[in-house]
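Here, each number is a calculation from the coordinates, and none is a lab measurement. None of the values given here were measured: they were computed from a predicted structure. Here Cβ is always computed from backbone atoms with ideal geometry, including for glycine, and neighbour counts include all displayed protein chains.
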Amino acid sequence: MEHLPLPNTLETQDSARNDMLRVNAIATQGGHRPSVNSSMNSARRSNKTDSESSFESSSDDDDDDAGLYPNGQIPSNSRLRQKRVSNASMADFFKREPAVSRVWLFLEDPDSGKAAYWFAALSNYFVCTSIIFTIWQASSGPPLSGLAEGIIQISVEVLLLLEFATRWLASSGPKRDFVKNPYNLIDLAAFVPTIVRLASGIRTPTAAENPAAHYLLVCFVPVIRQLKLVRRFQKLQLLLHVLTTVFDALKLLLFMVCLIVLFFAAVLYIVEPNDAIDTLPTSIWLCIVTVTTVGYGDVAPSTWPGRIVAGTLCFISVLFMAMPLSVLGNAMSQTWADRHRILLMTRTRARLKNLGYSADDMPKLFKKFDTDNNGELELEEFCDLVAAMKVGVKPHEASELFMAFDDDGNGGIDEREFMKALFPLDYRRMYRRASGMTFGTFAA
């Protein structure tokens with residue numbers, strides 16, 4: 001069975017084909033045509049030169065290519081080829097880290113160093129303290145009042161604004177992507193109460209003086225500051241993964257709940273007199289609190305036909321509501337059993353994004369740590385990779401992740417297994433499309 005070439009192999013074939021055509025064109029202008037073997041040898045030498053000189057200066061590459069072309073005019077294809085990074089000459093994959101803003105890594109990645117770890121921890125305590133203080137101020141016996149409380153709150157919000165401004169200045173990517181990040185929008189919203197405080201005289205007004213400002217400063221501030229902590233909770237990804245997994249099943253169950261509620265609400269509205277259930281929305285409210293087993297008791301059927309219908313709804317709702325709970329419980333248990341891999345994927349993608357890398361760089365990263373060049377990462381090589389990336393995974397957790405990555409159980413992780421687990425969407429883009437192109441070439 002013939003193996004399909006990887007994307008970098010296809011790229012090498014295209015480069016070799018272009019080099020052979022250029023050599024033939026130059027030779028034709030000179031009055032002779034080289035043999036096929038000499039053309040292929042020239043193409044191989046050109047590819048070898050590109051691979052060995054990927055980290056040399058662009059001026060040296062221009063001089064080398066200038067000797068192959070008349071009048072020193074280098075085609076654009078050659079210049080594009082000079083920008084490609086060779087898989088065989090990766091001096092150090094993480095050499096790009098010093099070029100990335102250290103401040104950005106300090107703020108975004110608690111695993112980047114001890115200082116970043118302590119900053120993240122102290123930041124969490126600082127935000128929690130400000131939340132407790134705000135709630136305490138809303139009690140009947142606040143610790144501070146008047147101008148002092150307003151100054152403290154403004155000082156906290158100014159510090160939060162400074163953190164946001166630092167992230168803005170330190171971000172190396174497009175500012176549009178920075179603004180689209182929901183975490184950054186939450187950080188910006190945390191400063192909005194300062195504007196309200198300055199407009200209302202610094203101190204927090206009472207509900208009688210200014211209801212809108214009072215409810216905003218008393219109710220909105222604790223919520224938005226609590227949302228700031230979401231950035232620090234990486235295990236929140238587990239909950240998001242569970243909801244994504246069971247979303248289709250929950251949509252079906254929600255549809256069935258709505259159907260049951262509407263059907264029994266219509267029946268109750270028909271069999272009950274108007275003095276007990278006067279409108280259809282009232283009947284729907286009764287069915288909702290019955291299905292959810294809340295039962296406020298503000299509305300109840302008064303006739304035996306209505307009670308029989310309500311009792312039937314109780315039995316159906318008890319049996320039916322057990323299904324979504326079992327679906328969520330099963331998905332949560334599976335996600336928790338696979339939590340190490342999910343959290344590693346999240347931390348790894350964030351780490352690589354902070355360093356300026358994408359899924360297209362992963363094949364080179366894979367080959368960088370494949371020290372024996374057998375096309376697979378053994379357990380020791382995989383642990384070296386995890387340790388070098390500093391994603392906060394302990395050695396025994398790395399061993400468990402290795403077993404999760406190894407789909408075929410042969411004791412090694414090949415490039416496709418690595419990409420499929422780390423970047424599943426990009427895996428389909430990089431490998432399956434390349435496979436389709438290759439099949440089309442063979443068919444032609």
**Report entry** Inter-site label distance for TRP118 and GLN234 at 7 Å from Cα along Cβ, in nm
**Finding:** 2.0 nm
Query raised in the report: How many nm is it between the label spots at LEU379 and SER358, if each spot is 7 Å from the Cα in line with the beta carbon?
Result: 3.7 nm
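For a footprinting-style exposure proxy, rank TRP168, TRP104 by other Cβ within 10 Å, fewest first. Mind showing how you got there, number by number?
Working: TRP168 14, TRP104 18.
Going from sparsest to densest Cβ surroundings: TRP168, TRP104.
Find the relative contact order for the range 120-257 and round it to a whole percent, using C-alpha pairs within less than 8 Å whose residues are 6+ positions apart.
Numbers: 88 pairs, mean separation 41.9, N = 138.
The value is 30 percent.
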Query raised in the report: LEU259 label point, 7 Å along Cα→Cβ, cut-off 20 Å on backbone N: hits in the range 319-341?
Result: 319-328
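Based on the Cβ-Cβ distance of LEU243 and VAL289, what FRET efficiency does E = 1/(1 + (r/R0)^6) give at R0 = 25 Å, to the nearest 0.05? Don't jump to the answer; show the numbers that get you there.
Working: r = 25 Å, r/R0 = 1.00.
Step by step, r from the Cβ atoms, then E = 0.50.
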Requested in this report: Can you pull the one-decimal nm distance between simple spin-label points at TRP168 and ASP408, each 7 Å off the Cα toward Cβ?
Outcome: 5.2 nm
**Report entry** Whole-Hz ³J(HN,Hα) from phi, Karplus 6.51 cos²θ - 1.76 cosθ + 1.60, for the range 315-332, glycine and proline x
**Finding:** 5, 5, 5, 4, 5, 6, 5, 6, 5, x, 5, 5, 5, 5, x, 5, 5, 5
Query raised in the report: Over all distinct Cα pairs, what is the inverse of the mean 1/r for the range 244-320, reported as the Kirkwood hydrodynamic radius in Å?
Result: 12.8 Å
Requested in this report: Read phi for every residue in the range 192-206 and hand back ³J(HN,Hα) as whole Hz from Karplus 6.51 cos²θ - 1.76 cosθ + 1.60, θ = phi - 60°, with x for Gly and Pro.
Outcome: 4, x, 4, 4, 5, 5, 5, 6, 9, x, 6, 6, 7, x, 7
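Please compute the net charge surrounding ARG203, taking Lys and Arg as +1 and Asp and Glu as -1 over other residues with Cβ under 11 Å from its Cβ. Walk me through the numbers before you get to the answer.
Details: positive: ARG197; negative: GLU149, GLU209.
Once all neighbours under 11 Å are counted, the net charge is -1.
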